[in-house]
Amino acid sequence: MNGDQFDPRAYITNKLTGERRLIPREDMTGADEFLEAMQSRFELPPEVRFQGWQESDDEHSVGNGRPGYRVIYKTLRTVPTGPVAVESPNCRVSLMNGTVSWGEPRFGRALPWRRPNRYLIPDWGRVYYNPLRYVRSEDNTVHMEAHQETSAPMNYVEILYVLNDDVASKDHYGKLSAAQAAVAPLLASLDLTFGARLLGVRITEEIGEVFDDWHWNRRLDGPTVALEAQADLAFIDAQAGLGQIRAIFEANAGRSLEHRSRLRIASQWYWRADAETDPVQKFIAFWLVIEALEMDGPNIAPVKQVVQSLTGDDSVPVAAAIGRLHGLRSRLVHGKQDAVSSAQLGAVEAVSLALLERHLLGVLTDDRKSALRQAVQDASSAIFSG
């Protein structure tokens with residue numbers, strides 16, 4: 001290849017030798033879009049994802065296995081007297097001693113960002129006053145590594161599970177959520193049978209491909225990385241910000257103990273929902289925000305009443321909307337439904353955030369009110385329950 005066939009903007013570094021290898025242009029996707037986005041400014045920086053495969057070979061080429069899930073636990077000083085494996089058509093449980101290979105995407109100097117498996121390359125800088133200005137330490141390099149390593153010999157439990165056809169087309173976290181739900185009864189059974197020492201320390205949890213001989217190809221996917229420098233530079237007026245924080249403290253001081261307790265529980269569920277990648281668990285957590293704030297039992301009438309007052313329009317079909325959300329919550333909790341749509345998740349999130357904002361801040365912003373009204377309209381439609 002001549003020099004024009006390589007893209008100088010990206011390269012692969014050999015960790016052992018330090019040698020850098022340029023990447024052919026035909027193998028580069030997304031670089032132009034990423035660099036173009038660098039010229040723009042966003043409220044939150046856009047996220048990018050590293051994807052690749054590990055463990056494939058000539059006999060187990062990528063794309064020829066069945067979509068699958070792998071999880072490995074190191075036992076706590078629990079030694080098998082011999083290697084054992086129990087197989088079914090779509091699952092194998094092995095109790096072994098030996099080394100374990102595992103891998104994951106890594107993003108160099110990035111830091112964990114707000115939610116699990118999201119990383120942010122920080123923008124460091126110093127603020128100067130009189131005149132006010134911000135001077136950053138400019139470094140827009142994005143390091144991505146296909147990390148892989150092999151453990152020391154150990155005692156471990158490995159579970160390989162073949163995903164059902166209906167989830168094979170989902171994205172990484174869709175597959176992961178479906179697999180975690182599917183093997184949860186198996187893990188609970190093992191835990192109850194053998195005690196907490198068997199599933200001692202989780203070594204790895206992966207999505208990939210399973211072959212008929214139970215060979216595993218690991219898919220590197222899922223975590224994202226963002227460059228903070230792509231976000232707008234926003235300044236907070238110091239005195240105005242101080243006043244807002246003081247108002248939060250004063251509002252809390254004026255609440256009853258019961259109200260504080262409700263807000264504490266609701267806020268914990270809010271953060272649980274914010275961090276959750278499984279849509280079903282996320283929906284349930286957002287509903288529990290609503291329940292903690294407005295309900296004293298199974299009666300959802302108080303929720304209908306407060307949402308009706310917040311929308312400020314009797315024509316908005318609040319009763320139908322809240323009824324549908326509560327019905328969906330019940331079906332999910334009792335195992336009669338195992339999936340939620342983005343519209344369903346968005347509706348329960350909008351309702352929960354509106355109620356939490358009202359209780360915590362004593363106001364409902366125009367944007368939050370608009371989102372609430374749209375959520376009610378969506379949830380009251382016949383399509384929503386499908």
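The values are calculated or read from the model by the stated rules, or taken from the named source; none is laboratory data. Note that the structure is a prediction, hence the values are computed from the model and not measured. Here Cβ is always computed from backbone atoms with ideal geometry, including for glycine, and neighbour counts include all displayed protein chains.
Quick notes on this one:
- The set of residues in segment 155-173 being surrounded by fewer than 17 Cβ atoms within 10 Å (Cβ to Cβ) and among the aliphatic types (A, V, I, L, M) consists of ALA168 alone.
- Some residue of segment 175-184 being within 20 Å of LEU332 (Cβ to Cβ), among the hydrophobic types (A, V, I, L, M, F, W, C), touching a helix residue (DSSP H, G or I) at 6+ places or on another chain (Cβ under 6 Å) and assigned by TED's automatic domain parsing to the domain that holds HIS143: yes
- Boolean, LEU176 is in contact with a Phe, Trp or Tyr (Cβ under 9 Å, 6 or more places away or on another chain), assigned to a loop (DSSP other than H, G, I, E, B) and buried (at least 16 other Cβ atoms within 10 Å of the Cβ): no
- Residues of segment 286-306 that turn out to be closer than 17 Å to ALA320 by Cα and in contact (Cβ under 8 Å) with a residue 60 or more places away in the chain, as a count: 2
- Pair list, Cβ < 8 Å and 6+ apart or interchain, from segment 125-148 residues that are aromatic (Phe, Trp, Tyr) to residues that are assigned to a loop (DSSP other than H, G, I, E, B) and exposed (fewer than 11 other Cβ atoms within 10 Å of the Cβ): TYR134/LEU233
This table checks each residue for (1) part of a strand (DSSP E or B); (2) in contact with a helix residue (DSSP H, G or I) (Cβ under 8 Å, 6 or more places away or on another chain); (3) touching a residue at least 60 places away in the same chain (Cβ under 8 Å).
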| residue | (1), (2), (3) |
| --- | --- |
| LEU76 | no, no, yes |
| VAL79 | no, no, yes |
| GLY82 | no, no, no |
| SER94 | yes, no, yes |
| ASN97 | yes, no, no |
| PRO105 | yes, no, yes |
| PRO116 | no, yes, yes |
| LEU120 | yes, yes, yes |
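- Segment 74-85, residues that are exposed (fewer than 13 other Cβ atoms within 10 Å of the Cβ) and either within 19 Å of ARG197 (Cβ to Cβ) or touching a Pro at 6+ places or on another chain (Cβ under 6 Å) (or both): ARG77, VAL79, THR81, GLY82, PRO83, VAL84
Per-residue answers, yes or no, for (1) modelled with pLDDT under 95; (2) more than 27 Å from the chain's Cα centre (by Cα); (3) farther than 26 Å from VAL167 by Cβ:
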{"residue": "PHE42", "(1), (2), (3)": "yes, no, yes"}
{"residue": "PRO45", "(1), (2), (3)": "yes, no, yes"}
{"residue": "GLY68", "(1), (2), (3)": "no, no, no"}
{"residue": "THR99", "(1), (2), (3)": "no, yes, yes"}
{"residue": "ARG109", "(1), (2), (3)": "yes, no, yes"}
{"residue": "TYR119", "(1), (2), (3)": "no, no, no"}
{"residue": "VAL135", "(1), (2), (3)": "yes, yes, yes"}
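- Within segment 315-386, helices (runs of 4 or more DSSP H) holding 3 or more residues that are in contact with a Leu (Cβ under 6 Å, 6 or more places away or on another chain), of a type in the set (A, V, I, L, M) and surrounded by 17 or more Cβ atoms within 10 Å (Cβ to Cβ): 342-361
- Helices (runs of 4 or more DSSP H) wholly inside segment 205-314 containing at least 2 residues that are of a type in the set (Ser, Thr, Tyr) and not assigned by TED's automatic domain parsing to the domain that holds GLY65: 257-275, 301-311
- Which numbered condition SER189 misses (of (1) assigned to a helix (DSSP H, G or I); (2) closer than 28 Å to ARG115 by Cβ; (3) among the small types (Gly, Ala, Ser)): (2)
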